[in-house]
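Chemist: Here you go, one structure.
The values are calculated or read from the model by the stated rules, or taken from the named source; none is laboratory data. These numbers were taken from a predicted model, which means no experiment stands behind them. Glycine also receives a Cβ, built like all others from the backbone with ideal geometry; neighbour counts cover every protein chain displayed. SASA here: full protein model, heavy atoms, side chains in, ligands and nucleic acids out. Shrake-Rupley method; radii C 1.70, N 1.55, O 1.52, S 1.80 Å.
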Amino acid sequence: MMNGQWVLPRIAKKVAVMLTAVLLLTLTNGFNWNTQTAKAAGTTPVERYGQLSVKNGKLVDKSGKPVQLKGISSHGVQWFGDLINEDSMKWLRDDWGISLFRVALYTEEDGYISDPSLKNKVKEAIEAAKKLGLYVIIDWHILSDGDPNIHKNEAKAFFNEFATQYGHLPNVIYEVANEPNGNVNWNNQIRPYAAEVSQVIRAKDPDNIIIVGTGTWSQDIHDAADNPLPDKNTMYTVHFYAGTHGQYLRDRIDYALNKGVGIFATEWGTSDASGNGGPFLNEAKVWTDFLASRGISWANWSLADKNETSAALLPGADRKGGWPASQLSASGKFVKQAILEGSSNNGGNHGGDNGGNGDNGGNNGGDNGGSTPGGDNQGIVLQYRTGDTNAKDNAIRPEFNVKNTGTAAVKLSDLKIRYYYTDESKQAQQFFVDWAKLGNEKVKATFVTLPNSKGKADKYVEVSFTDGAGSIQPGGESGEIQPRIHAANWSNFDETNDYSYGANQTVFADWDHATVYQQGKLVWGIEP
């Protein structure tokens, strides 16, 4: 590539980044996201992360810091294109917390090859993403045409047009081959195709991310890791479905990461590989935890109201967003929480449940302390409010603030908060942190089933803090901690019979129906 060909795109890109930032600051002035994370950040994803690149096999932001994007993929635009619009994408940004939207432009299946006008829906999505400050993946969605070379010429023309028109934007990502499959492999068919199409893109867009699929429906990432493309801002996609793909594919991902290549999960589902069966939410949780631990960005399949397990919406859902829980499928509910979990897009933050039996991590030595507020509390005071006045939905949302009224600093890692409730589901429990002033990743939890049920309680969640959480100085406080609890099957709770629940407690106040332990000693609250 001659240097002269690169200068204008680079300059245009820098100008576009600055103009986009100014435009987005104007658009979002005074704007409040629904998620606490967004409120804390106060910016759109593109404002936060800017121009993406790949560094040492990691997706990094404009400052070179690793970033995990999370979002959702459309279904085929020829079938569910009416769900792809600025209103629905804005709702996904504000209510679900997405940073990424993927537009699936099928080549076959009555897609782009037979109806080129479908590209206008892709352009609509890009324009909406630009306005909303979201990253957008342009997905050249090969499927029945398993060899990407079948429509290579059309792909080159398509990506030339889109890189010319949108390559100056910092939020565009190109996925040049969704799922190569059949009698094709990386070295013979996929890599040569990707090299040729990438060259077309790079002539117009020198630095946005390019993502390439791999053989066997984008599961042969080990082959790409053994012979990657030379372009430094190319990543390789892995696709999985929780009911079909398990540890062997995670091992392949680790193999590829250890080779230093960048991995991006542009499509995954809670179902089996057919899009049906399940949802396999426990297996999906293993996967989302794995991706978070590796910092791998992802897009879930799919934004559709099709009558299949992997669809996020139930049939007949509103086309422009605003979906209440009653319009979300079980998969959609799971995915929404997985996106919100551990925000702001820096990996998951969650405490798993080990079946909810026995004392798995609980400290039952609490009876040697005072059993009333302030009884032997070293100045520790627990404040509580409910974050959810609907006592019969699928979430328990206790919100806490720990105050130190004593004369010595208190290490948060020495403290554990117990919140007692009745578990109607008898399922494994899931713990998320929607927001914590001290840092979401510094809050952990375990669930403990009481050996003998007590009044209004047969289980408690024990909230704890990492060493990095620091200390509360005399006269200080932890700041708000906003956890959320769900049953694994997302069934409803009945909080009206929960010991620690305060239906009318909507502002922070001292609360003795939850307990605090300091190094195992009860220092605040009354046990049930």
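Chemist: For residues that are within 24 Å of Ser302 (Cβ to Cβ) and touching a helix residue (DSSP H, G or I) at 6+ places or on another chain (Cβ under 6 Å), scanning just the range 235-262, find the one that is most open to solvent (accessible area, probe 1.4 Å).
Modeler: Out of the qualifying residues, it is Arg252.
Chemist: Please work out which residue is surrounded by the fewest Cβ atoms within 10 Å (Cβ to Cβ), limiting yourself to the range 460-487 and to residues that are more than 17 Å from Tyr420 (Cα to Cα) and hydrophobic (A, V, I, L, M, F, W, C).
Modeler: Initial filter on the range 460-487 (more than 17 Å from Tyr420 (Cα to Cα)): 465-480.
In the following step, the residues that additionally are hydrophobic (A, V, I, L, M, F, W, C) were identified as 465, 469, 472.
Details: Phe465: 23, Ala469: 20, Ile472: 22.
This residue is Ala469.
Chemist: Can you pull out every residue in the range 65-103 that is within 14 Å of His141 (Cα to Cα) and more than 19 Å from the chain's Cα centre (by Cα)?
Modeler: Matches in the range 65-103: Gly76, Val77, Gln78, Trp79.
Residues checked against (1) at pLDDT below 95; (2) of a type outside the set (Phe, Trp, Tyr); (3) touching an Asp or Glu at 6+ places or on another chain (Cβ under 8 Å); (4) closer than 23 Å to Asn440 by Cα:
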site: Trp298; (1), (2), (3), (4): no, no, no, yes
site: Asn345; (1), (2), (3), (4): yes, yes, no, yes
site: Gly358; (1), (2), (3), (4): yes, yes, no, no
site: Gly365; (1), (2), (3), (4): yes, yes, no, no
site: Gly374; (1), (2), (3), (4): yes, yes, no, no
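Every residue, every condition in (1) without any contact (Cβ under 8 Å) to a residue 40 or more places away in the chain; (2) over 16 Å from Gly387 (Cβ atoms), yes or no:
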| site | (1), (2) |
| --- | --- |
| Ser453 | yes, yes |
| Pro474 | no, yes |
| Phe493 | no, no |
| Asp512 | no, yes |
| Trp524 | no, yes |
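Chemist: Okay, moving on. Which one is nearest to Gly455 (Cα to Cα) among residues in the range 488-518 that are open to solvent by less than 30 Å² (accessible area, probe 1.4 Å) and of a type in the set (Asp, Glu)?
Modeler: Asp498
Chemist: State all residues of the range 171-204 that are surrounded by fewer than 24 Cβ atoms within 10 Å (Cβ to Cβ), part of a loop (DSSP other than H, G, I, E, B) and touching a Gly at 6+ places or on another chain (Cβ under 7 Å); if no residue qualifies, say none.
Modeler: Matches in the range 171-204: Glu179, Asn181, Gly182, Val184, Asn185.
Chemist: Mind listing just one residue for me: the one in the range 410-451 that is over 21 Å from Thr386 (Cβ atoms), among the basic types (Lys, Arg) and part of a strand (DSSP E or B) and, of those, least open to solvent (accessible area, probe 1.4 Å)?
Modeler: So, considering only residues that are over 21 Å from Thr386 (Cβ atoms), among the basic types (Lys, Arg) and part of a strand (DSSP E or B), the one least open to solvent (accessible area, probe 1.4 Å) is Lys444.
Chemist: Exactly one of (1) in contact (Cβ under 8 Å) with a residue 12 or more places away in the chain; (2) in a loop (DSSP other than H, G, I, E, B) is unmet by Asn390. Its number?
Modeler: Unmet condition: (1).
Chemist: Please specify each residue of the range 106-162 satisfying the condition of being under 25 Å from Gly182 (Cβ atoms), among the polar types (S, T, N, Q) and open to solvent by 60 Å² or more (accessible area, probe 1.4 Å).
Modeler: Passing the criteria: Ser114, Ser144, Asn153.
Chemist: Now for a separate question. Would you mention how many residues in the range 153-183 are among the charged types (D, E, K, R), within 31 Å of the chain's Cα centre (by Cα) and closer than 14 Å to Glu196 by Cα?
Modeler: The total comes to 1.
Chemist: I'd like to check which helices (runs of 4 or more DSSP H) are fully inside the range 208-263 and have at least 2 residues that are basic (Lys, Arg) and out of contact with any Leu (no Cβ under 9 Å at 6 or more places or on another chain).
Modeler: 247-258
Chemist: Give me the pairs, please: first residue somewhere in the range 112-138 and touching a residue at least 12 places away in the same chain (Cβ under 8 Å), second residue anywhere and part of a loop (DSSP other than H, G, I, E, B) and open to solvent by 10 Å² or more (accessible area, probe 1.4 Å), beta-carbon distance under 6 Å, and either six or more positions apart or on two chains.
Modeler: Note: pairs meeting the criteria are Leu118/Tyr112.
Chemist: Hey, another quick one. Looking at (1) out of contact with any Ser or Thr (no Cβ under 6 Å at 6 or more places or on another chain); (2) in contact (Cβ under 8 Å) with a residue 24 or more places away in the chain; (3) not charged (D, E, K, R), find the lone condition where Ala242 falls short.
Modeler: With (1) out of contact with any Ser or Thr (no Cβ under 6 Å at 6 or more places or on another chain); (2) in contact (Cβ under 8 Å) with a residue 24 or more places away in the chain; (3) not charged (D, E, K, R) applied to Ala242, the lone miss is (1).
Chemist: Of all residues in the range 145-170, which are in a loop (DSSP other than H, G, I, E, B) and hydrophobic (A, V, I, L, M, F, W, C)? Reasoning before the result, please.
Modeler: Initial filter on the range 145-170 (in a loop (DSSP other than H, G, I, E, B)): 145-147, 167-170.
Across the range 145-170, the qualifying residue is only Leu169.
Chemist: Those residues that are touching a Gly at 6+ places or on another chain (Cβ under 6 Å) and assigned to a loop (DSSP other than H, G, I, E, B), I need them from the range 62-86; list them, please.
Modeler: In the first step, residues of the range 62-86 are kept if they are touching a Gly at 6+ places or on another chain (Cβ under 6 Å); the result is 62, 66, 68, 78.
Correct list: Lys62, Gln68.
Chemist: Run Ile126 past the list (1) assigned to a strand (DSSP E or B); (2) in contact with a Phe, Trp or Tyr (Cβ under 7 Å, 6 or more places away or on another chain); (3) of a type in the set (Val, Ile, Thr) and report the number of the one that doesn't hold.
Modeler: It fails just one condition, (1).
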